[in-house]
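A.B. asks: Before we start, here is the structure in question, set down as structure tokens.
The values are calculated or read from the model by the stated rules, or taken from the named source; none is laboratory data. Because the structure is predicted, anything quoted here is derived from the model rather than measured. Please note: Cβ atoms are built from the backbone with ideal geometry, for glycine as well, and neighbour counts cover all protein chains shown.
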Amino acid sequence: MGLGPPQRRPVRIVLALFVVAILLLPLAFLMTLRQIESRQMRLGAEEIARIVTGIRSYYATNVVERLQASGGQAVLSERYKEVHGGIPIPATLSIELGALIDHSNPQNRIAYRFVSDYPFPQRRAERPTLDAFQTEALQAFRQGQDSVFARENGSWMGQASYRLATPVVMQAGCVACHNAHPESPRRDWKLGDVRGIQEVEVSTVEAVKLADFRYLGVYMAFVLVISVYSVGLYRRQAEAVRRSNVDLAASRERERQASQQLREKVDELILLGAVVDGSTFGVTIADARQPDYPLVYANPAFYAMTGLAPEQVMGHNCRFLKGPETDPAVSAALGAAVREGRPYTTELLNYRADGQSFWNRLTLFPVGGSPGRPNHFVGYQIDITAVRAAQAEREQMMAEIQESQKLESLGVLVAGVAHEVNNPLGIALTAATHMAQSAQDILAELKAHRLVHEDLEAFLEDERVAFDLIVGNLKRAADLVRSFKDVAADQAHEHRREVRAVQFLSTLTTSLAPIVKRARCRLDLDVEGDFPMVVDTGAFAQLVTNLVVNATVHAFDRTDTAATRRIELKARQVPDSADIELSVQDNGVGIPAALAERIFEPFFTTRRGQGGTGLGLFVVHRIVTQNLQGSIRLEAVQPQGVRFVIRFPGQLEQETRA
């Protein structure tokens, strides 16, 4: 393989990095020298400062203090040269040491200064003010922030200096001398006060010159030239090898790619053929480029499903599967999808070779060509006859379950109404019997001519009371029978009609009153507005009955009293919507979270041994989702109880007709 463009890129990067590294070497070398020089200046300044401090301290302690203590004739003075027997004071010694140091290094690489903001008169003329560095150092020492104050000046390429300052602290001899000296600018010094600073400055003689690096530059240039030449030579040799191999490499690559593509296509065809041939559902391919879309392929599953032979399938349109009961509308929709070149899925009745019908779930989609004009159509055929039969059987079973539940709820209503009607009829019968006996007694008194006016008035008043009692109880029994009749008629004949919410729900609650009373509960009805509803009245009545009966059976335990057991039926029209919201709420023991997710499952019940079938709430869910085309959810109520909330379209019948 030659060195092509992808291989030249790393060489260029390496060469560029090498050149950069060579160019940066002098800079790194110079910075290293600068660091070394700076460190040497700092160390020299610190050393000089320590030496001078030691000298001054030694002089003050071993000369001045000793002479003061001995009462000798020597005189301490800043003008010691003008005084007979004069000895320089420590400050004068420090100042003159600085001058001596300055005189000793003519290149001014080292400078020593002893300065104060309280100088003697003759010193003030020599240095009238302090510079910024000296002022900052003096302030820092007097505030107790530092014991050494230092700063480096200058650039890394030019002349540089390092300034270091240390505090001059008043000792016992210094305090006594300064406070007693007639020319002292301040006479209230205390032991430990900062009198001034001593400063050492170390600097380079001159800036670093590029000429100092001429030998290094020549060396670097030589290395750079040799390196560039070597890389160029390598690249020329690599280019020669690349040109000699490029044709062979390209030829081999084309051969490898073609071979790989061929293997992939063969493997893909083998895999697809195995999948299609081994599929359990029918697969057909029709040629959309030929007239009438003839079939050009059918897998073994298709022949097994239809019972046809290859000669009956190949080259023919698949309409040979149609029969007498095939839906023409479905066939027309399928033909339109084929003509328009778009996918289509449907279920239709087809026929096998022996004339037996079967339900075929057909999925058709275009392949190749252009949108709307494909080259082929691929079809999937699945025999769903058993599935359709199972669906029909399931629907029949669900209808039977719902009918059974309807009869069960009617039976509960009948038992409750029969028990409730017996009471008013018994009272009316007792009152009528009493009226008959009273009439016989008054007739006997009349025949015996013993009837007086007072007896007649008492008889008539008694008869009036009895008649009122009979009429009231018979009316009560008639209302119960009428409400039961309406509800029973609704449940017996399922049909949609428009009802008013208040009247319809009031009739339902009246028919449920005996059941609620026997359960020692109270049923309250709350309807927000008398809105219309278009509902399947039979299914709706069964829905409400099942929910109320479920609450009376499961919501309360034996510790509840009749005064606390409460079931509330609410209905309202959802604002800005035609939907109706119905809720049935109790204040019972609630439903555990582990069971709440299963309450709508068929045959799930917590009272299996007590006559429960587990179909009540299952039928409720089926009525809501299928008959009312709505939704139902279960909510927990605080502090206890549950609420079933149902939402459904209130104008479903009108929308369906439209």
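A.B. asks: Hey, does segment 302-322 have a residue that's charged (D, E, K, R), part of a loop (DSSP other than H, G, I, E, B) and under 19 Å from Phe365 (Cα atoms)? Walk me through it before giving the result.
C.D. replies: Filtering segment 302-322 for residues charged (D, E, K, R) gives 311, 319, 322.
Imposing the further condition that a residue be part of a loop (DSSP other than H, G, I, E, B) reduces the set to 322.
With under 19 Å from Phe365 (Cα atoms) added as a condition, the list becomes none.
No, that holds for no residue.
A.B. asks: Looking only at segment 257-310, filter to residues that are of a type in the set (A, V, I, L, M, F, W, C) and closer than 20 Å to Gln356 by Cβ; which one of those is modelled with the lowest pLDDT?
C.D. replies: Looking only at segment 257-310, we keep the residues that are of a type in the set (A, V, I, L, M, F, W, C), and these are 258, 262, 266, 269-272, 274-276, 281, 283, 285-286, 288, 295-296, 298, 301-302, 304-305, 308-309.
From what is left, the residues that are closer than 20 Å to Gln356 by Cβ are 281, 298, 301-302, 304-305, 308-309.
Details: Phe281: 77, Ala298: 86, Ala301: 84, Phe302: 86, Ala304: 85, Met305: 84, Leu308: 87, Ala309: 87.
Ranking the qualifying residues of segment 257-310, first place goes to Phe281.
A.B. asks: Please find, among Asp479, Asp486, Asp490, the residue that is at pLDDT below 65, part of a helix (DSSP H, G or I) and within 30 Å of Ala439 (Cβ to Cβ).
C.D. replies: Details: Asp486 fails: within 30 Å of Ala439 (Cβ to Cβ); Asp490 fails: within 30 Å of Ala439 (Cβ to Cβ).
Result: Asp479 is the single residue among Asp479, Asp486, Asp490 that is at pLDDT below 65, part of a helix (DSSP H, G or I) and within 30 Å of Ala439 (Cβ to Cβ).
A.B. asks: What pairs come up if the first residue lies in segment 309-337 and is on the phi > 0 side of the Ramachandran plot, the second is surrounded by 15 or more Cβ atoms within 10 Å (Cβ to Cβ), and their beta carbons are under 8 Å apart, counting only those six or more places apart or on different chains?
C.D. replies: Gly315/Pro294; Gly315/Leu295
A.B. asks: Out of (1) within 28 Å of Ala390 (Cβ to Cβ); (2) in contact (Cβ under 8 Å) with a residue 40 or more places away in the chain; (3) of a type outside the set (Val, Ile, Thr); (4) surrounded by 17 or more Cβ atoms within 10 Å (Cβ to Cβ), what's the single condition that is false for Ala286?
C.D. replies: Of everything listed in (1) within 28 Å of Ala390 (Cβ to Cβ); (2) in contact (Cβ under 8 Å) with a residue 40 or more places away in the chain; (3) of a type outside the set (Val, Ile, Thr); (4) surrounded by 17 or more Cβ atoms within 10 Å (Cβ to Cβ), Ala286 misses just condition (1).
A.B. asks: Please work out if Tyr293 is at positive phi, within 52 Å of the chain's Cα centre (by Cα) and surrounded by 15 or more Cβ atoms within 10 Å (Cβ to Cβ). So that I can check it myself, show each step before the final result.
C.D. replies: Numbers: at positive phi: yes; within 52 Å of the chain's Cα centre (by Cα): yes; surrounded by 15 or more Cβ atoms within 10 Å (Cβ to Cβ): yes.
Yes, satisfied.
A.B. asks: Name, by its number, the condition in (1) surrounded by 14 or more Cβ atoms within 10 Å (Cβ to Cβ); (2) assigned to a strand (DSSP E or B); (3) of a type outside the set (Phe, Trp, Tyr) that does not hold for Val338.
C.D. replies: Result: Val338 fails condition (2) only.
A.B. asks: Got at least one residue in segment 520-527 being in contact (Cβ under 8 Å) with a residue 40 or more places away in the chain, surrounded by 22 or more Cβ atoms within 10 Å (Cβ to Cβ) and of a type in the set (A, V, I, L, M)?
C.D. replies: Yes, segment 520-527 contains at least one residue that is in contact (Cβ under 8 Å) with a residue 40 or more places away in the chain, surrounded by 22 or more Cβ atoms within 10 Å (Cβ to Cβ) and of a type in the set (A, V, I, L, M).
A.B. asks: Turning to a different aspect of this structure: Condition check: among the basic types (Lys, Arg), exposed (fewer than 11 other Cβ atoms within 10 Å of the Cβ) and at pLDDT 70 or above. Does Lys190 satisfy that?
C.D. replies: On the way: among the basic types (Lys, Arg): yes; exposed (fewer than 11 other Cβ atoms within 10 Å of the Cβ): yes; at pLDDT 70 or above: yes.
Spelling it out, Lys190 is indeed among the basic types (Lys, Arg), exposed (fewer than 11 other Cβ atoms within 10 Å of the Cβ) and at pLDDT 70 or above.
A.B. asks: Still on this model: When you go through (1) modelled with pLDDT under 85; (2) loosely packed, with under 14 Cβ neighbours inside 10 Å one by one for Ala132, which number turns out not to apply?
C.D. replies: Going through (1) modelled with pLDDT under 85; (2) loosely packed, with under 14 Cβ neighbours inside 10 Å one by one, Ala132 breaks only (1).
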